[in-house]
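FYI, it's all coordinate maths here, none of it is from the lab. Treat the numbers as computed from the prediction; the structure is a model and nothing was measured. Methodologically, a virtual Cβ is constructed for each residue, glycine included, from the backbone with ideal geometry; neighbour enumeration extends over all protein chains shown.
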Amino acid sequence: MIKKSLFFLLFFYSVVVCAQAAISGQINRNVEGTPAKVHLTKLNIEHIKDLKFAKPVAWMLTREDGSFTFDQKHIADKDAVYHIYVKRVEEALNDTIAAGATFILSKSDKMIFQRTKVPFAEYTTTNEADKEWKRLLAYETELLQSKLDQDNEEQQLKGYAKDSLRILMVKLIGIKQLEEKGLLEQDITKNSAFYLALLSELKESEMPKENYLFLEKRLAFLTQGTIEKKYAWSKMVNYILGVLVLGLAGFLIVRRKSAPIPVALSRQEQNIQKLIVEGKTNKEIANELYISISTVKTHITNIYQKLKVANRQELVRKMRN
């Protein structure tokens, strides 16, 4: 009964520990009875290969079987870069193991390190960003082993980092590798639109700024130049629009001055003008308006002078036009 109870407690404990553990695994204990101290640290992408910038997260002593676990509470909610390594507890041994592993993980993922001769050499993970990063590293290794010349090798690596990587963090790591190889500045000059769009996407994401600060610094001169160009273009457009507005206003003023001033005919003159256009003779006009023919002739003379016409035909044409 006691054995069954102990077995149940151990089983329950292992289930709870595994459920809460984000990282677990085993390492060989080369010195019998000497536990190893496993350290978990966090890196930012700008210093992903320089472990002196690693920030301690947690540590633990391995159990008797060499196993270790790190709970989810030690891992960030979103993808972040971590490094794990091991040290012996007894200082007298002075045999710090250089082996370690760098990987991407989030709180929702699981990572299990297999027991291998070299600690942390093999692991399985559910993190898709880490899987894509490992594919990038494998591709880089494949290029190094190929017979391509350096220029073609660099072009292949740049193309893969920019076009084949889909996860934002891994794409940024690929861009960082280009910088380390001295390829980034030249490529920014050739493909500035791509890098400006990537920086904009990074700023809109939830990624900490410290991870892409190196790219923002590289693009500072480019973004400043773009802003200056946009300002200069905007200034030029405003200047052109101002000139057009002033030119249009001047044109309207000149046209208004040169346009003929409408002639004001008296009411009787307007009546006579209407009857002339209708084809009435002077006698018919006089009869219709109950005035003398001489008065009709006087009004017609005034109409001709005001409208600058010489005869009935010109008057009719002008009124019809």
How large is ³J(HN,Hα) for each residue in the range 139-149, as worked out from phi by the Karplus curve 6.51 cos²θ - 1.76 cosθ + 1.60 (θ = phi - 60°), to whole Hz, x for Gly and Pro? 5, 5, 4, 4, 5, 5, 8, 7, 9, 6, 6
Taking square-rooted eigenvalues a ≥ b ≥ c of the alpha carbon gyration tensor, is the range 119-224 rounded, prolate or oblate, where a/c under 1.5 means rounded and, failing that, a/b exceeding b/c means prolate? oblate
Between ASP50 and GLN150, what is the label-to-label distance in nm when each label sits 7 Å out along the Cα-to-Cβ direction? 2.4
Can you work out ³J(HN,Hα) from phi for every residue in the range 286-293, in order, using Karplus 6.51 cos²θ - 1.76 cosθ + 1.60 and θ = phi - 60°, giving whole Hz and x for Gly and Pro? 4, 4, 6, 9, 6, 10, 6, 5
Efficiency of FRET between GLU284 and LEU252 - r from beta-carbon atoms, R0 35 angstrom, step 0.05: 0.20
Under the classification rounded if a/c is under 1.5, otherwise prolate if a/b is larger than b/c and oblate if not, where does the range 37-83 fall, given a ≥ b ≥ c as square roots of the Cα gyration tensor eigenvalues? oblate
Other residues with Cβ under 11 Å from the Cβ of PHE194 give, with Lys and Arg +1 and Asp and Glu -1, a net charge of +1
